[in-house]
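First the structure, in the form of structure tokens, and then the observations on it.
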Amino acid sequence: MTTHTTTPAATGTGEGGTVLEATGVTMRFGGLTAVKSVDLTVNSGEIVGLIGPNGAGKTTFFNCLTGLYVPTEGRVAYRGTVLPSRSHLVTQAGIARTFQNIRLFPNMTVLENVLVGRHTRTREGLLAALLRGPRFKKAEAESEARAMELLEFTGLAGKRDHLARNLPYGEQRKLEIARALASDPGLLLLDEPTAGMNPQETLATQELVFAVRDQGIAVLVIEHDMRFIFNLCDRVAVLVQGEKLLEGTPEVVQRDERVIAAYLGTPPEEVAAASRPGGAEDGPGAADGAPATTAERPTGTPDPGARNDTGGHGPAGTEGGEKA
Ligand SMILES: Nc1ncnc2c1ncn2[C@@H]1O[C@H](COP(=O)(O)OP(=O)(O)OP(=O)(O)O)[C@@H](O)[C@H]1O
């Protein structure tokens, strides 16, 4: 594996203010509006959660943020600059992401996978790689040193020469995060980082995300594991049928009856009615005058500890997946 050298990090460790500002983002697929005029900001130092029932538009929204999709309407700005809808330019600007389905290079080593993630920060071209002059070799050594730092950070240094496909599932997920961090992002987007994990792996992921944040990288995370989201996030936004239903602290969101209704599959018109000012009083969960408590909520609601999952996220180790 050979690419390398470093350009200045696009990140912004220590910089304050708004990192991400999505305004009026709408994504239509033919007659289906998957994301409807969603506004979302992520500020420096924040971990923001994006939750919502299956099919709510979370991944589509991520794809709009990262240039995989060109939003039908709206704009996405990173540190005040509107982003082009080209994923490599978005990465270069400072946004990195992981995917819902693991997308490692299974037959490359752990170290090589991280080095691949480094390519947006390297300047050496094909000719330099072929000639392998001193400048190239220095660049290569610097990239490898940075990749090793990230493997230390994620606890994978001891496995640098293992093939990615031979790692246990939880470590494959960590490796994806290490690879995303290799582009020196200022904002990390995580799409269901704990899918398929056992509780120990989930806890380790939580610690890792806190550590990422402590390095000055803002985080936006999609998850169905409500305990994970509510423990982790400073702020949580809820998408339902493509629209942002509400946004607030974990305390506010987990008590909101509209959110509970959305997860329980309440008909859209009732959720909409509950969304209107004063409507929550008429909403599900208030009918009997008793707001739902977490203890009373069935699995699949935003009960801390509950997981409203699509299932099927077993150990991976392959490239690609059914979903971007
Ligand atoms: N490329 C596409 N073409 C057509 N429809 C799409 C496409 N991608 C997503 N959709 C549709 O957009 C809607 C939102 O899907 P999306 O995957 O963004 O939801 P999600 O909230 O991420 O769901 P999940 O929690 O199950 O991952 C769904 O109805 C889905 O079928």
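With the condition kept exactly as written, say whether any residue in the range 74-92 is touching a strand residue (DSSP E or B) at 6+ places or on another chain (Cβ under 9 Å), of a type in the set (S, T, N, Q) and within 14 Å of the ligand (Cβ to nearest atom). Looking through the range 74-92, none of the residues is touching a strand residue (DSSP E or B) at 6+ places or on another chain (Cβ under 9 Å), of a type in the set (S, T, N, Q) and within 14 Å of the ligand (Cβ to nearest atom).
Of all the numbered requirements in (1) at pLDDT below 95; (2) within 15 Å of the ligand (Cβ to nearest atom), residue 26 misses one, and that requirement is (1).
Do any strands (runs of 3 or more DSSP E) lying entirely in the range 190-252 carry at least 1 residues that are acidic (Asp, Glu), and which ones are they?
243-248
When the residues of the range 233-252 are filtered to those that are out of contact with any Leu (no Cβ under 7 Å at 6 or more places or on another chain) and crowded, with 24+ Cβ neighbours inside 10 Å, the one that is nearest to residue 93 (Cα to Cα) is 236. Residue 135 satisfies every condition listed in (1) among the charged types (D, E, K, R); (2) modelled with pLDDT of 95 or more; (3) farther than 27 Å from residue 77 by Cβ except (2). Restricting to the range 133-175, count the residues that are assigned to a helix (DSSP H, G or I) and within 14 Å of residue 204 (Cα to Cα). Of the residues in that region, 9 qualify.
Residues that are near the ligand (Cβ under 9 Å from one of its atoms) and free of Cβ contacts under 8 Å to residues at least 24 places away in the same chain within the range 30-54 comprise 30, 32, listed in sequence order. Residue count for the range 253-268, restricted to those that are modelled with pLDDT under 80 and buried (at least 16 other Cβ atoms within 10 Å of the Cβ): 3.
Cβ separations smaller than 6 Å between residues 6+ apart or across chains give no pair from the range 135-157 residues that are farther than 29 Å from residue 213 by Cβ to residues that are of a type in the set (Phe, Trp, Tyr) and surrounded by fewer than 21 Cβ atoms within 10 Å (Cβ to Cβ). Residues of the range 176-189 that are among the acidic types (Asp, Glu) and either within 16 Å of the ligand (Cβ to nearest atom) or not in a loop (DSSP other than H, G, I, E, B) (or both): 176 alone.
The values are calculated or read from the model by the stated rules, or taken from the named source; none is laboratory data. Predicted model, so just to flag it, every value in this text is computed and none were measured. Quick reminder, even Gly has a Cβ in these numbers, built from the backbone with ideal geometry, and neighbours come from all protein chains shown.
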